Amino acid sequence: MSEFTEGMAISVAMVSLLATMLTAILGRGFLRLIPILMGIGVGYLVTLPLGMVDFTPVSQAPWFQIPEFTTPSFSLPAILFIVPVAIAPAIEHIGDVLAISSVTGNNYLREPGLHRTLLGDGLATTLAAFVGGPPNTTYSEVTGAVALTKTFNPAIMTWAAIIAIVLSFLGKLEALLKTIPLPVMGGILIILFGTIVVIGMNSIVRSSADLLQPRNLVIVAVILMLGVGGMSVKAGGFALEAMQRGLGGFPHERLHQDRDWTF
């Protein structure tokens, strides 16, 4: 088990962040397409001499594995619990489509159309649930990645998904990816989540909206403070937490990777 101090975690996260920033700003050619991978790679190399990486799971993992599949089962309490929650991913889906349209300059609400994107999202989630996959949603962080890499071709995303499915059968690769310390990804997430905010603000500015109008001012202020400022609402096992929860906060002086925290 690897453990590290708060100072080590912050330092590694800042190194990952800096490597990603420099690659995105100064990179040329192929390097400019992989700023996120560069950030992860540099951050990972920094953690090796610090003893933050444990390769034991890699040596124990098989070369080839079949992902664990399960069959669906009916549960009325689960259905009643998840139906209201499903509203949030639907709203997030619409927001992500608008954001990615702004980044690429294409109106995806018109072509392929919101009805098709929502249908595809729903079918993918249903299929994943039928074989025991995790809950699916549209990830806003991907918008930041697209904005950084300028990779606008949907076909590339399709091939990336197919390759990811194939690679999931390689046990040692999965174990190796799990050895990436959380602070490394924390540095990357600072840019990705921050990019989401910038894209939203840029969309408002390009629409010639006056941010100082009371209506716009109130909406933007509430979203920024609650979404990025660290609001957390808990009711039993249900919790709504802001993005900042995933970017910082250290519950103990010494941190263990199996503890319930993220940077």
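Computed values, structure above
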| quantity | calculated |
| --- | --- |
| Accessible area in square angstrom per residue, the range 21-98, 1.4 angstrom probe | 71 |
| Rg over Rh [alpha-carbon atoms, Kirkwood Rh] for the range 1-156 | 1.04 |
| Spin-label pair F169/T151, simplified geometry with 7 Å Cα→Cβ offset, distance in nm | 2.2 |
| For the range 160-223, the Rg and Dmax computed from alpha carbons only, in angstrom | 19.4, 55 |
| Value of Rg/Rh across the range 45-94 [Cα atoms, Kirkwood radius] | 1.26 |
| Of all accessible heavy-atom area on the range 76-224, the percent that carbon and sulfur account for (1.4 Å) | 77 |
| Directionally averaged projected area (convex hull, Cα atoms, the range 99-191), nm² | 7.2 |
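The values are calculated or read from the model by the stated rules, or taken from the named source; none is laboratory data. Values in this document were obtained by computation on a predicted structure and should not be read as measured data. Heads up, the Cβs are rebuilt from the backbone with ideal geometry, glycines too, and the neighbour counts pull from every protein chain shown. Side chains are part of the model used for accessible areas, which takes the heavy atoms of the whole protein and leaves out ligands, DNA and RNA. Shrake-Rupley method; radii C 1.70, N 1.55, O 1.52, S 1.80 Å.
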